[in-house]
Amino acid sequence: MTAHLVRHESGYMTSPASSATGAADLPDYAPIPPSALGVALNDQGYYVGRVERNLYWVTDGTYQAAFLTTRDGVVLFDAPPTIGGNLRRAIDEMAAANGVTNRVTHLVYSHHHDDHSGAASLFDGDVVHIGHEETRRLLLRDNSPARPAPDVTFADRYTLEVGGERVELAWHGPNHSPDNIYIHFPDHDTLMFIDVVILDYPWTHFISGHLGRLATREDVAVHQAYIADIQASSKAALASVDPTPFYMKYGAAGNSWGFVQGYLDAVTERAAAPIIAKYTGVLAAADIEIYTRTTTFAIMQSLRLDSGPSGPVHP
Ligand SMILES: [Zn+2]
């Protein structure tokens, strides 16, 4: 492909001469399995639905938030900026349909990341912000006007009681982030836990914070099988890919970086290939490189470096 230099703020960079967005050059992917497709969005770009009774979830197809309507006010859980002003519309819609107040009295942060909380300032003023103590520390550090630090914080557990409803918040140690909490709705058979999945709690409905549908326990079982398969395939690839050609080409000449790149690429390729074949048509994105390949790379690196063997012991 021909390339030319384009002026860029930071200097000059190469760029393909032809349009980088030429659709003809873009790869084709397998059709999305129907089970992965989410709800249809309305004209304003959101969907709001009932999880159980007075617990609702809102999505823009990519992100999710939730809210609980009570006789004393609405409790909002997360405020992703991509849903933004549609949070207000979704709350108004459900409050009007059910004849309850639409006044938001509480906003609970699942964790401090902006992609799940960057619209929090839309619910400022009288709204009580609740979060883990680490969320408060991190939001004070970030000092972002979009995400006011929580006024009410807790260390391990916090029972939120509003208008006769009960929500159990808990922190069980760092996972996706240092401050990510479990938001359990025991009277709605629902767990909200963002960016991670888990079966430990009793739940039927799972609000993961992403995509256009709620998760089931069966979804988590499929995900666990996918990860277990990646682990087994990575172990097999680590045991079977011969590093010698990469060493001869790069390492022997002193380029250990070239050796690492070539060898780990080959291991990742071999480990990911059977996973992509098995899960294409089962899981959306299984055949899209950034998903299965980068997940395989991370798991393979962890197996190799964290639990070993990372290499032969020097005599
Ligand atoms: Zn996050």
By residue number, the members of segment 24-82 that are free of Cβ contacts under 8 Å to residues at least 60 places away in the same chain, in contact with an Asp or Glu (Cβ under 7 Å, 6 or more places away or on another chain) and more than 29 Å from GLY99 (Cβ to Cβ) are THR82
Suppose the filter is closer than 23 Å to VAL196 by Cβ and not hydrophobic (A, V, I, L, M, F, W, C); does ASP242 pass it?
no
Within segment 218-239, the residues that are surrounded by 13 or more Cβ atoms within 10 Å (Cβ to Cβ) and among the charged types (D, E, K, R) are ASP219, ASP229, LYS235
Picked from segment 100-117 (must be more than 16 Å from ILE183 (Cβ to Cβ) and within 16 Å of the ligand (Cβ to nearest atom)), the residue farthest from the chain's Cα centre (by Cα) is ASP114
Among LEU199, LEU140, the single one that is away from the ligand (no atom under 16 Å from the Cβ), in the same structural domain as PHE67 (by TED's automatic domain parsing) and within 19 Å of the chain's Cα centre (by Cα) is LEU199
Test ILE32 against the criterion of being more than 27 Å from ALA155 (Cα to Cα), of a type in the set (A, V, I, L, M) and buried (at least 19 other Cβ atoms within 10 Å of the Cβ), and give yes or no.
no
Would you point out which residue out of ALA146, ALA120, ALA155, ALA97 is in the same structural domain as PHE193 (by TED's automatic domain parsing), farther than 14 Å from VAL75 by Cα and within 16 Å of the ligand (Cβ to nearest atom)?
ALA146
Would you mind listing the helices (runs of 4 or more DSSP H) fully within segment 197-315 where at least 2 residues are small (Gly, Ala, Ser)?
217-240, 256-279, 289-302
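The values are calculated or read from the model by the stated rules, or taken from the named source; none is laboratory data. Bear in mind the structure is a predicted one, so any value in this text is a computation, not a measurement. Neighbour counts are summed over all protein chains in view; Cβ atoms, including those assigned to glycine, are modelled from backbone coordinates with ideal geometry.
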